[in-house]
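Everything below concerns the one structure shown next.
The values are calculated or read from the model by the stated rules, or taken from the named source; none is laboratory data. If you're wondering where the values come from, they're calculated on a predicted model, not measured in any experiment. FYI the Cβ positions are ideal-geometry reconstructions off the backbone, even for glycines, and counts take in every protein chain you see.
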2 protein chains.
Amino acid sequence: MSRGFPTAEYQARTQKAQSLMAQADLAALLLTTEAEVRYFTGYQTRFWESPARPWFVIVPASGRPVAVIPSIGAALMARTWIQDIRSWRAPDLQDDGVGLLTQTLNEIAGGGRIGLPDGHETHLRMPLADYHRLAGQIDGTLTGDQGIIRRLRMVKSAAEITKIEATCQIAGRAFDRVPQIARAGVPLAQVFRHFQMLGLEEGADWVPYVAGAAAAEGYDDVISPASDAPLAAGDVLMLDTGMMCDGYFCDFDRNFSLGPPSAAVQAAHDRLIDATDAAADLARPGVTAAQLFHAMDGIVTGGAGGSDTGRLGHGLGMQLTEWPSLIPQDHTVLEPGMVLTLEPGIATGGGMMVHEENIVITQDGCRFLSPRADRNLVEL
Amino acid sequence: MSRGFPTAEYQARTQKAQSLMAQADLAALLLTTEAEVRYFTGYQTRFWESPARPWFVIVPASGRPVAVIPSIGAALMARTWIQDIRSWRAPDLQDDGVGLLTQTLNEIAGGGRIGLPDGHETHLRMPLADYHRLAGQIDGTLTGDQGIIRRLRMVKSAAEITKIEATCQIAGRAFDRVPQIARAGVPLAQVFRHFQMLGLEEGADWVPYVAGAAAAEGYDDVISPASDAPLAAGDVLMLDTGMMCDGYFCDFDRNFSLGPPSAAVQAAHDRLIDATDAAADLARPGVTAAQLFHAMDGIVTGGAGGSDTGRLGHGLGMQLTEWPSLIPQDHTVLEPGMVLTLEPGIATGGGMMVHEENIVITQDGCRFLSPRADRNLVEL
């Protein structure tokens, strides 16, 4: 498997950003988070797990992005297509990069407007006091990015889709092997650990996300950590994973039944599959995120408008969840290259069940990236 | 193993915070990140991997913290000691919790000062536009937390130290098994995957961090992702991991030699062990972080004042890296209960080598939490 992307991928991203920046009268973009920095540079490391050091990338009005980063990362950044790399020895308790960033922004953006991602699903990964210091001392003005980063990242290139699909295949092979690790008597926490091992064995670089639950006639929560309670005959087991390979996520789940499922559980699973089918049948360029929501909601609640989980799917790519949201409010118009999860949930006698698949929007419809779940629940 | 903490742990944290808040004239603390929220509530989930939703916890001047969170998390939060849980159905594109947060802050803090963590190693995990909206519409004033959260989290309770030590033991057992997975001809990327599997098999809940490198006579980078280059005779292999068990990290590494090490490599490793010993011999209450730096730097550079990696250790606990930093500038005075990494690095003919152990400061010295590395490099 080929790792990373050719430089042309980053050039295309940068040029698209610069075109939107010109329309928005932005002299530069200032980026601080792992996904934003990686999107424009290809800089990939698990070192972001440490919150100690801030990292900055500036997208200028023209030319390559400029990195203003701790010296510990300069060698790795120099292996990307970025040429202008300025670094300081971090952490520096007097000035942790703000002086160098000020100087660089003044040089690149002058007195112009500098856009920071500031909308839903974003945050600024730098100390708040340093943000206020920066805003007070640069020649230009800090403002929002007007959704430019969201708009770019929402539509994936062919190369990105290939990577997401590869990760989906890895997770699919791990799900196929769940019968090897889960049976009555095995603690749920052990199932979680062994499922992550299966993902790694099948080729994931790491497993950033595993959630799940097991209970009779449906579960009541899909975000809790696993307890040591053993699986029992009659349980429905759900495992949901966001695995990572070469910088791209999958995000889908599978349900299993400990022994034959009850008629009610199998019927609920049927409805979840039907809901996924309904959304996939509808999904094509021009349809909205809200329309996909309603297609599924009509089947799982009879059109009640959803539940407390809040959405029935979302974007997917460099992060476990990305824009848009499949909710009634989100009228994002689908375009070829958008990668989405379809994630209907349904109330059952014992709680709830959820199901999730991953699709990509094509020229005239959609294509599943995750190997589709069988309608009949797999028995363990 | 007992999971989580009794309520008394959270009560003690909250009361200490409230005492410091009174001194700092803060009517409330507003917290937004995973570690901050978990520190005061015990709320534990891998769902933070999704950037879609903001989460808020308010520490009032007295009484229990108040949660203002997406409804998808309300059931799990209700299993903690938190009683006042206010939720909205997120994501909400019109108002993603800011209205509810405003109302709650006005009720709790009135026109008072509300502290947000704003110093080094912190960030605000909410959209920047929503932060500005909040600041403009609440009755009170948003300001910094004056380092209160840092000060509290830097000194661990006995129960926290027990959890960190348990995670260190898990990683120690995984390191002991590296000879099972690493030998000449095995690609480094496969060693990374299999090492994570060993950590899971030995009891880690998940493996948020693995880094490492392999090269003859020392490596040149300690934060890059693994390539598919096979290990070769004569290589020095370094693996560094931050595993997680029950919410607490370890962070240490081990070096291995593919076949007998060269005299220069073994000598470099000796110096790293000597440096760790020197810092551990010095470490006790009243000594500063800077003094630990100089004790190690004197041995690994002859007192040159460090290198581009920027520090020779750091705090450790709920996050892979925490306050303080072992750097010349950091005059944090050590106290019993602080957990630190000792992480000297040394230049070698072929690049560098690093070594890392974890210690806790005791009443009259320190104690190793990681099972100490042998002075003689383990041969693979």
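Considering only residues in segment A:281-304 that are out of contact with any helix residue (DSSP H, G or I) (no Cβ under 9 Å at 6 or more places or on another chain) and of a type in the set (Gly, Ala, Ser), the one that is farthest from the other protein chains (Cβ to nearest Cβ) turns out to be A:Gly286.
Considering each residue of segment A:1-29, count those that are hydroxyl-bearing (Ser, Thr, Tyr) and surrounded by 14 or more Cβ atoms within 10 Å (Cβ to Cβ), and give that number. Result for segment A:1-29: 2. Within segment A:117-154, the set of residues being more than 12 Å from chain B (Cβ to nearest Cβ) and of a type in the set (Ser, Thr, Tyr) comprises just one member, A:Thr141.
Yes/no per residue for (1) away from chain B (no Cβ under 13 Å); (2) of a type outside the set (Ser, Thr, Tyr):
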site: A:Leu26; (1), (2): yes, yes
site: A:Thr33; (1), (2): no, no
site: A:Thr41; (1), (2): yes, no
site: A:Gln44; (1), (2): no, yes
site: A:Glu49; (1), (2): no, yes
site: A:Pro54; (1), (2): no, yes
site: A:Ile58; (1), (2): yes, yes
site: A:Ser62; (1), (2): yes, no
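Residues of segment A:318-353 that are among the hydroxyl-bearing types (Ser, Thr, Tyr) and either farther than 19 Å from A:Val210 by Cβ or free of Cβ contacts under 8 Å to residues at least 60 places away in the same chain (or both): A:Ser325, A:Thr332, A:Thr348. If you filter segment B:226-243 down to residues that are touching a Pro at 6+ places or on another chain (Cβ under 6 Å) and within 14 Å of chain A (Cβ to nearest Cβ), you find that the one that is surrounded by the most Cβ atoms within 10 Å (Cβ to Cβ) is B:Gly242. For B:Ala75, the conditions (1) under 23 Å from B:Cys245 (Cα atoms); (2) at pLDDT 95 or above are fulfilled apart from (2). Restricting to segment A:192-220, what's the tally of residues that are without any contact (Cβ under 8 Å) to a residue 60 or more places away in the chain, within 8 Å of chain B (Cβ to nearest Cβ) and closer than 27 Å to A:Gly350 by Cβ? Residues meeting the conditions: 6.
Which of the residues that make up segment A:153-165 are assigned to a helix (DSSP H, G or I) and surrounded by 17 or more Cβ atoms within 10 Å (Cβ to Cβ)? A:Arg153, A:Met154, A:Glu160, A:Ile161, A:Lys163, A:Ile164, A:Glu165, listed by residue number. Cβ separations smaller than 6 Å between residues 6+ apart or across chains give the following pairs from segment B:244-271 residues that are modelled with pLDDT of 95 or more and buried (at least 22 other Cβ atoms within 10 Å of the Cβ) to residues that are hydroxyl-bearing (Ser, Thr, Tyr) and part of a strand (DSSP E or B): B:Asp251/B:Thr341; B:Ala268/B:Thr348.
Yes or no, residue by residue, for (1) over 27 Å from A:Thr167 (Cα atoms); (2) more than 20 Å from the chain's Cα centre (by Cα); (3) not assigned by TED's automatic domain parsing to the domain that holds A:Ser262:
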residue: A:Gln190; (1), (2), (3): no, yes, no
residue: A:His194; (1), (2), (3): no, yes, no
residue: A:Gly199; (1), (2), (3): no, no, no
residue: A:Val207; (1), (2), (3): no, no, no
residue: A:Ala213; (1), (2), (3): no, yes, no
residue: A:Gly218; (1), (2), (3): yes, yes, no
residue: A:Asp221; (1), (2), (3): no, yes, no
residue: A:Ala233; (1), (2), (3): yes, yes, no
residue: A:Leu239; (1), (2), (3): no, no, no
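Listed by position, the strands (runs of 3 or more DSSP E) inside segment A:38-150 whose residues that are under 30 Å from B:Ile114 (Cα atoms) and either touching a residue at least 24 places away in the same chain (Cβ under 8 Å) or in contact with a Phe, Trp or Tyr (Cβ under 7 Å, 6 or more places away or on another chain) (or both) number at least 3 are A:113-116, A:141-144.
Where strands (runs of 3 or more DSSP E) fall wholly inside segment B:305-363, the ranges with 3 or more residues that are at the interface with chain A (Cβ under 10 Å from one of its Cβ atoms) and more than 20 Å from B:Val207 (Cα to Cα) are B:322-325. Restricting B:Ser50, B:Ser62 to residues that are surrounded by fewer than 21 Cβ atoms within 10 Å (Cβ to Cβ), modelled with pLDDT of 95 or more and more than 22 Å from the chain's Cα centre (by Cα) narrows the list to B:Ser62.
Taking the numbered list (1) of a type outside the set (Asp, Glu); (2) within 14 Å of chain A (Cβ to nearest Cβ); (3) closer than 19 Å to B:Thr341 by Cα; (4) crowded, with 21+ Cβ neighbours inside 10 Å in turn, B:Ala171 passes all entries but (2). Among the conditions (1) among the basic types (Lys, Arg); (2) more than 12 Å from chain B (Cβ to nearest Cβ); (3) under 29 Å from the mean Cα position of the chain (by Cα), A:Arg183 misses just one, which is (3).
Just one of the numbered conditions (1) among the aliphatic types (A, V, I, L, M); (2) more than 18 Å from A:Leu258 (Cα to Cα); (3) within 11 Å of chain B (Cβ to nearest Cβ) is not true of A:Ala189: (2).
Scan segment B:21-40 residue by residue and report those that are of a type outside the set (D, E, K, R) and in contact with a Gly (Cβ under 9 Å, 6 or more places away or on another chain). Across segment B:21-40, the qualifying residues are B:Met21, B:Ala24, B:Leu26, B:Ala27, B:Ala28, B:Leu29, B:Leu30, B:Ala35.
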